[in-house]
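Below is one structure; the comments refer to it alone.
The values are calculated or read from the model by the stated rules, or taken from the named source; none is laboratory data. Remember, predicted model here, so these are calculated numbers, not experimental data. Glycine gets a Cβ as well: all are built from the backbone with ideal geometry, and neighbour counts include every protein chain shown. Protein only, heavy atoms only, side chains kept; ligands, DNA and RNA dropped before computing areas. Shrake-Rupley method; radii C 1.70, N 1.55, O 1.52, S 1.80 Å.
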Amino acid sequence: MSTTLSALRAVHFRNLDHVELEADPGLNVFLGNNGQGKTNLLEAVHLCAALTPLRPAERVKELIRFGQDEAHLSAEFALELPTVVDVRIHDKGKRATIAGKPVRDVSSIAQRIAVVAFTPQDLDVVRAGPKARRRALDRFCYGLDPTFVHRARAYERALAARNRLLKEHVVDEAQLDAYGPVLIEAAAAVYESRVRALRALSPAFTEAAAGITEGGLAGTLRYRMHGLDAAPAPAAYAGELARSLQRARGKERARRTTPVGPHVDDIEIQMGEHAARRLASQGETRALVLAWKIAEVVCLTEARKAAPILLLDDVAGELDPARQRALFDVAEEVAAQVFVTTTHEQTLPAGRAGRTFVLDGGAVAAQGTL
Amino acid sequence: MDEGGLDPIDKLASLLSRLPGIGERTARRLVHHLLRTDRGLMVEIARALTEVAEDVHECPTCHTLTADGTSCHFCRDLRRHRDVVCVVSDVQDQAAIEATGEYRGLYHVLHGTLSPLDGIGPDELRIASLFARLREGADIEEVILATPPTVDGEATALFLSRTLAPTGIVVSRIASGVPVGGDLAHTDRMTLRKALAARQRLGHATPPPTAGGDRP
Ligand SMILES: [Zn+2]
């Protein structure tokens, strides 16, 4: 069984004026030249399926079509029952309902629908700093166990509170002491989820990396706790972090910010014995990111007993046909619904069945089948 | 915002929309609903609002909200156990604990939790008066910390337990079981009853110098 989106309506969303479509349970291709709305449509699917923006650091107002007050998205998903997710975006924020009920807890959507997205920015996972990898791993943690979001938020709150106290002209030691153990406890909970997620992801990643390069690439994932450059057992993490904080006390006071914790840890991607970040070629970078995504799809399908919805933004620009085929094969194997944007149908691997939607000037100008 | 020049309907809608969770559209709908269905209700609401605004005040001892004379009915009730004080962040949480029927002691309402991100420190909460109360009231033997199980609620409990350590008064924390990040007011009675009964005594003989990771 897989999660699928059966119908979507987007009104006044970015450059989309009014788009309605019925999706294929398999492959859906959004075609069009740049600026015509195909990525915006993909973003609409992501917002309905995850209630978070596809691209990070998005200002809500940019999502509303110029000159309009409100963007309105509505998607029907084939879950155990057909379920409508409705999202209204105003200049002050967004309001979402699932099956008519207001969403109080963002994780309630992830309990029902899992999404794996692949955009050109994902190449940062290999070549950029640790932040992109932490974000990627945290998204996967959230997919595996949606309640992760509460642990992540508790940690962010404790961290922000503590950093605020450190920035005071005269640091209130008693308050700082009160937030310390709370921070450590929240950090340990985040760490435990990350380690558990990595334990599932890592072997699937190794297998996928070998698979798409015909054994040419020995990829592994490794957690590195900042300052320790290792991954302590979850039960030992709180103690390690407490010691680490103690050691970094001088630095902390000088910089007025918490210098250690899950917010600075890294997940090292290795090729053989070496860190991929420094050594991976363009081709290897793409293969490793692809392996990460394939591993996510495989692990999420196994853990959730349902395939995630796969969103691919302009992968033709990043992956050659053979690698695209590897991705589509995995999707087919787990019966995942796929939404893909591209400028030309010919860039897709041949021999796939599905529906095409041609975007032109913010509207669906033509529909067809593959 | 100045509502002075508006017509009465706009003025009322504008005032209502200042309330949390009420947008302009909802405010307008409420006003028209009241006008259409029940003007008597409007007069009653107005009267009740005036009464609350004029008569409700903080109890000088426990800081709960009361319309009674000076002290609240909790503080005046001589059948309540006077050797234990339950510290809560707000009156909703106090009501939730009261509703368990399990607790028969006194209360202290902080009116918030520590929240450095909102500029709320110990001085913004009713903490000084808690200490004054403990110093003066020789019969208080236990303080139960029932701040919410959120980051700020936990930090507040820890702050209080460490600051109270030198007084020698027994300090306990309601047991977890209340969902993390949740709030007491929305926790079911049974869970809260168990959390109260299974409260844990906190010990901080020598408070660690910094984040020591030694949560009890
Ligand atoms: Zn009182």
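Express in whole angstrom the spacing between the alpha-carbon centres of the stretch A:222-276 and the stretch A:67-103. Value for the Cα centre distance between the two parts: 39 Å.
Along its principal axes, the protein assembly as shown has C-alpha extents of 84, 67, 43 angstrom, given from the largest down. Largest accessible area first, the residues B:Glu154, A:Glu252 order themselves as B:Glu154, A:Glu252 under a 1.4 Å probe with ligands, DNA and RNA left out.
Can you classify the stretch A:1-119 as rounded, prolate or oblate using the Cα gyration tensor, where a ≥ b ≥ c are the square roots of its eigenvalues, rounded means a/c under 1.5, and otherwise it's prolate if a/b beats b/c and oblate if not? Oblate shape, in that a/c is at least 1.5 and b/c is the bigger or equal ratio.
Among B:Ile97, B:Ile144, B:Ile169, the residue with the largest mean-square fluctuation in a Gaussian network model of chain B, with springs joining Cα atoms closer than 10 Å, is B:Ile169. Here the Debye sum runs over all C-alpha atoms of chain B as equal scatterers in vacuum, and log10 of I(q)/I(0) at q = 0.14, 0.15, 0.16, 0.17 Å⁻¹ comes out as -0.94, -1.02, -1.10, -1.19. Contact order for the stretch A:56-147, expressed relative to its length and based on alpha carbon pairs under 8 Å spaced 6+ residues apart, stands at 18 percent. Just B:Ala132, B:Ala165, B:Ala96 to compare: in a GNM of chain B, with alpha carbon springs under 10 Å, which one fluctuates most? In the Gaussian network model the winner is B:Ala132. Please state the shape class of the stretch A:259-337: rounded when a/c is under 1.5, otherwise prolate if a/b exceeds b/c and oblate if not, all from the C-alpha gyration tensor. The shape class here is oblate.
Rounded, prolate or oblate: which fits the stretch B:48-147, taking a ≥ b ≥ c as square roots of the Cα gyration tensor eigenvalues, rounded meaning a/c under 1.5, else prolate when a/b beats b/c? Judged from the Cα gyration tensor, the stretch B:48-147 comes out rounded (a/c under 1.5).
Assuming R0 = 30 Å, what is the FRET efficiency of B:Glu142 and A:Glu173, from their Cβ-Cβ distance, to the nearest 0.05? Calculated transfer efficiency: 0.65. Remark: the A:Gln282-A:Val84 segment gains 67.2 nm on full extension, using 0.36 nm per residue and subtracting the alpha carbon distance. Based on Cα contacts under 8 Å between residues 6+ apart, the stretch A:1-64 shows a relative contact order of 28 percent. Only helices enter this figure: runs of n ≥ 4 DSSP H residues, each worth -39500 (n - 2.57), summed and divided by the residues of chain A, yield -14000 deg cm²/dmol at 222 nm to the nearest 500.
The candidates A:Arg157, B:Arg47, arranged from most to least accessible area with a 1.4 Å probe in the full protein assembly, appear as B:Arg47, A:Arg157.
Surface calculation, 1.4 Å probe, protein heavy atoms: A:Lys94 sits at approximately 90 Å² accessible. Taking A:Val125, A:Val87, A:Val170 in turn, the Gaussian network model of chain A (Cα-Cα springs below 10 Å) assigns the largest fluctuation to A:Val170.
If you plug the beta carbon distance of A:Ala254 and A:Leu228 into 1/(1 + (r/R0)^6) with R0 = 22 Å, you get a FRET efficiency near 0.55. Approximating the spin labels as points 7 Å out from Cα along Cα→Cβ, the A:Thr220-to-A:Lys305 distance works out to 3.4 nm. The count of lysine pairs in the protein assembly as shown with alpha-carbon distances below 20 Å, taking only pairs 8 or more places apart or on different chains, stands at 6. Across chain A, Cα pairs under 8 Å and at least six residues apart give a relative contact order of 26 percent.
Computed over chain B, the per-residue total of -39500 (n - 2.57) for DSSP H runs of n ≥ 4 gives a 222 nm mean residue ellipticity of -12000 deg cm²/dmol, rounded to 500. Would you list the membrane-span-like helices of chain B, meaning whole DSSP H runs whose alpha-carbon atoms span at least 30 Å along their axis and whose mean Kyte-Doolittle value is at least -1.0? Helices meeting the span and hydropathy rule in chain B: none at all.
Here the simple spin-label model places points 7 Å from the Cα toward Cβ, and for B:Ala132 and B:Glu24 these points are separated by 4.5 nm.
Its residue count N sets the reference 2.2 N^0.38 Å, and the alpha-carbon radius of gyration of the stretch B:1-72 equals 1.40 times that reference. One quarter of the surface of the convex hull around the alpha-carbon atoms of the stretch A:150-242 equals 7.5 nm², the direction-averaged projected area.
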